[in-house]
Structures are given as structure tokens and as C-alpha cells.
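Here is the structure we will look at, set down as C-alpha cells.
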Amino acid sequence: NHEQIARSSLKKILIGSPCILKQCKVHVQRAIKSWPCTLKKKPMEIRMWKKQFEHLFSWLSEHVTTTTSLTEVMVRLCVVITILSTERIPCGRFDRKSVTESSHVPWQSNDIAQRMHEIIKEEVRRIRINSEENLDKLLQQAYDNHRSYQPFDASVVVQKVLDRMLGREDDVKPMSFSVTYLSEVNGKKGTLKVVHILSPYAQDQDGEEFVSPKMLGGTTVDICLPHRYDSVLNPLFSPTAATYIRNTWLNRIGLWSEGVIELSNMAVDANVYSNNQCSEGFINGLKNYVTTVNDDVKSIADLIHRRYHDSVGMGRLISNQIDQSDHVIQRRRYRNNSVTRNVNTIDAYEESNMEWKRNPGTTRSMLAHYRQVMMRGFEGGREKGAFQFDINRHRSMWLILNDHATNLDGNFMSITTFSEWLCNKRSIPLKQEWSDVIEQFYNTYGC
């Protein structure tokens, strides 16, 4: 019975710690996400691969704050630390006659994701406390030796996990997390593209996890041909970033992990918020609340007079909103139709791209053009049976495009930017790499 175990565990925790403190989930996400941008003295690797590190920490900020299992979060953080702590990654041997590839072979990343999933589950099983007797024993050790030995110290718990993932233990191979392939040959020089598998998990539309590689592309390594070595330098090798994640977040995981929220909600059947936005709103309301009680009790006639004027004002407001409702509905329908219209009904004017001839190079026409190209690709892919999507759910469309960008070893816009673009709220051009992904998507499915 999970509820009984949760109540028993929470009771034992409250004996040693009557007050449980947890950092706000939103503030933790912001702090992790913004670290590559706010770091004052950036190492060379972060300056060189700025977008990749920003994308990594942006994904990490959401990934670790939405996973409720404490042991799962610890092991998944160890995976990222392993990626950042590995100086060299395996690769093949190449010469001038080697065949170049435009993208990696999908089965390689899928195979690495499956092995990574098995490693994560095995490490979680090793560090998880599997019985109340073991929990009582560890708690007693913590109470008796609180100055010299802490069995719940995250840095101590995960040290063996990191040693196994990095291959520091005997007869244990380092964990694989990358795919390299030759993308360009120029005389005696060659370019290797590197795809990093950050996590073996993806989420479906219902938020359920399944094994599928979460990849980070865009990094390259220049080599001399012929290349006779079995490894190359890891572009994401960054002791600074690895130390930051370990010392700032992994060692203090009890202060910010969602595990304690999940435990308390299950134990007391409550709904404890994981952020302090509710408290901030309540305090802000108390600080800025203006009361008229003293004036109201002084004169009932003045109170009736004020309430009458308030009622008249509210009536006028409702009347104006009713008068403007037709215009608001038409405007929303126009915006919705501009995004969700069926590409099969596009008239010959749009097919001939006359919009470009009349307004050459304008930002609005460029944004509209790429929306049309994207929708043609979606309709073509649906007809070919390549995928299914819900045109009224932006996330379902974004997931397909994001996976397509990952297969091309590129990056795509965030879900927030994607929704703003579809709703015609974006006023600046798309980045070139995003436009390239959309064009490749159309070339694959729309033709």
C-alpha cells in the first residue's frame, strides 16, 4: 500500500526534522536554465558551444523538476554529469575515401538509449531504500553519528553511481552516450558530427514516459585524415558545468526535489504546491489591499451612493463587452483560421507565392510563408501515413517537428515560441536553423 508506506516514511522524517523546507520549483527551473547565460567567466567550451549548453540546461531544468522520484532524479543527474565529465568519446577510423553521411543512423541512438535506460534502472535499484527496516537502520545511524557520517548525503550515495558510469570500477565499461559520423571531407581535413543522447526518455501527449533518445546535435570535431584513433575529444567536456551541477544541485537535492511534495501529497492526501507563487500572490494581496470599511460604517447613505455608482459602472462595462463580442469572435476566428486552415484549399494566388512578389522580404510574409510550407508538410506526412497530429494541439505538431530536427542533428524552437508563431503573435523572423528544419520537413513529406 503506497499510502501507508508514505505516511510511515513522512512520520519518521518529521521526527528528525519537524520543519521541511523546499525551494520554489519555478525559481529552481530559472536558476538552472539561466546558468550558461549568467556565468561571468565562461570556459572555452561554453563560449564555443553556447547554443548547445543553453539547450542542455534548458531541457535539464524542466526534466529534473518534473520527475517525482528522488532516486530517479539523482541517477539522471549522474547521466548528465557523466556526459560533461567524459573527455574523449568513441568514434570510428576514417580516411579520405570514407563515405560521408548527412545524419546518423537512427538504430545507433535507439540502441544507446535502450542501454542507458537499463543502466538507469539498475542504478536506481541499487541506491533505493527497499524496506522500512533498512530505512530505520539508516535513520538510527544518522542520529547516532550526525557529525561524522551521513547515510543520506547525496554526494556519498551517487559517488559509486558516477564511478560505474565513468568506467572507473574494474570490469565496468563507461556508459555510451554519443554517436559520431563523418559529415565532410576537405583534402586532409575532415569534420565529425557528434550527437549526444542526454536521456533515454521522451514523453507522449499524455505526459507518459517511454524509451526514446533525447538527443542534442550541432556539435562538430575537426580531424586530420587519415584518422587512426578510436576516440576524439568530447565537445561538451566541461568540468566547470559538471562541478556546478554536482555541488549546487545534486548535493542539495533534498532542498528542491519534487519527491518530498509527492510524499506529502500521498501521505496526507493533500495538494501541496511545489512553488511559492500562491503565497506570493496572497502576501501581495495583503500588502496592497485597500479597505473602505471605516468610511462605509460612518455613513450608510454614502455607502449606498457609492455602490449605486459601482453598479452603473459595471453595467456599462458589461454592455460594452457585449457590443464588442461579435468583433472579438470574428478576430479570434480569423486568427484561428490563419493557423489551422486546410492547405488543400489554398487558392492559386497563394500557390504562386504572389505574397512574396507584392511584399518582398517583409517579416510578416516570411512568417506566413513558412507556416504554409509547414502545413503542406504536415498534410503530406498524414496522407503518407508517416505520423498523426491534432491540428488544434500545438504540442502534437511541435513534437513531430522537434523529432525531425533531432534526426537532422539540429535544433528547433521551443514550444512557447512555436505557439506564438502559429498564433500570429511573432513579429521577428525565424532563425535560419529553424527555417532549414521546416524546409527539410516539407521536402521529406510535402513533395
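Looking only at residues in the stretch 255-294 that are part of a helix (DSSP H, G or I) and in contact with a helix residue (DSSP H, G or I) (Cβ under 7 Å, 6 or more places away or on another chain), the one that is surrounded by the fewest Cβ atoms within 10 Å (Cβ to Cβ) is Gln277. Given the condition in contact with a helix residue (DSSP H, G or I) (Cβ under 7 Å, 6 or more places away or on another chain) and open to solvent by less than 60 Å² (accessible area, probe 1.4 Å), answer yes or no: does some residue in the stretch 103-114 qualify? Yes, the stretch 103-114 contains a residue that is in contact with a helix residue (DSSP H, G or I) (Cβ under 7 Å, 6 or more places away or on another chain) and open to solvent by less than 60 Å² (accessible area, probe 1.4 Å).
Would you check if Gln52 is in a helix (DSSP H, G or I), surrounded by 14 or more Cβ atoms within 10 Å (Cβ to Cβ) and within 12 Å of the chain's Cα centre (by Cα)? No: the conditions fail for Gln52. If you go through the stretch 90-102 and keep only what is open to solvent by 40 Å² or more (accessible area, probe 1.4 Å) and not hydrophobic (A, V, I, L, M, F, W, C), you end up with Pro90, Arg93, Asp95, Arg96, Lys97, Thr100, Glu101, Ser102. Residues being open to solvent by less than 60 Å² (accessible area, probe 1.4 Å), closer than 26 Å to Gln108 by Cβ, in a loop (DSSP other than H, G, I, E, B) and in contact (Cβ under 8 Å) with a residue 40 or more places away in the chain are entirely absent from the stretch 412-430. Screening Asp409 on (1) part of a helix (DSSP H, G or I); (2) crowded, with 20+ Cβ neighbours inside 10 Å; (3) more than 16 Å from the chain's Cα centre (by Cα) shows it passes everything except condition (1).
If you go through the stretch 239-254 and keep only what is open to solvent by 30 Å² or more (accessible area, probe 1.4 Å) and among the aromatic types (Phe, Trp, Tyr), you end up with just Tyr244. Between Asp323, Asp310, the distinction of being of a type in the set (Asp, Glu), at pLDDT 65 or above and surrounded by 10 or more Cβ atoms within 10 Å (Cβ to Cβ) belongs to Asp310 only. Taking the residues in the stretch 1-23 that are part of a loop (DSSP other than H, G, I, E, B) and modelled with pLDDT of 75 or more as candidates, determine which candidate is surrounded by the most Cβ atoms within 10 Å (Cβ to Cβ). Top of the filtered list is Lys22.
The condition (being at pLDDT 80 or above, of a type outside the set (A, V, I, L, M) and out of contact with any helix residue (DSSP H, G or I) (no Cβ under 9 Å at 6 or more places or on another chain)) is satisfied by just one residue among Glu123, Glu184: Glu184. Looking across Thr67, Thr86, Thr82, one residue alone is open to solvent by less than 40 Å² (accessible area, probe 1.4 Å) and at pLDDT below 90. It is Thr67. Of all residues in the stretch 388-406, how many are outside any loop (DSSP other than H, G, I, E, B), open to solvent by 30 Å² or more (accessible area, probe 1.4 Å) and not aliphatic (A, V, I, L, M)? Of the residues in that region, 4 qualify. If you filter the stretch 246-278 down to residues that are modelled with pLDDT of 75 or more and of a type in the set (Gly, Ala, Ser), you find that the one that is farthest from Glu62 (Cα to Cα) is Ala267.
Screening the stretch 121-238 for helices (runs of 4 or more DSSP H) wholly inside it with 2 or more residues that are open to solvent by 70 Å² or more (accessible area, probe 1.4 Å) returns the ranges 132-144.
The values are calculated or read from the model by the stated rules, or taken from the named source; none is laboratory data. Not measured: the values here are computed from a predicted model. Neighbour counts run over all protein chains shown; Cβ positions are idealised from the backbone, glycine included. Protein only, heavy atoms only, side chains kept; ligands, DNA and RNA dropped before computing areas. Shrake-Rupley method; radii C 1.70, N 1.55, O 1.52, S 1.80 Å.
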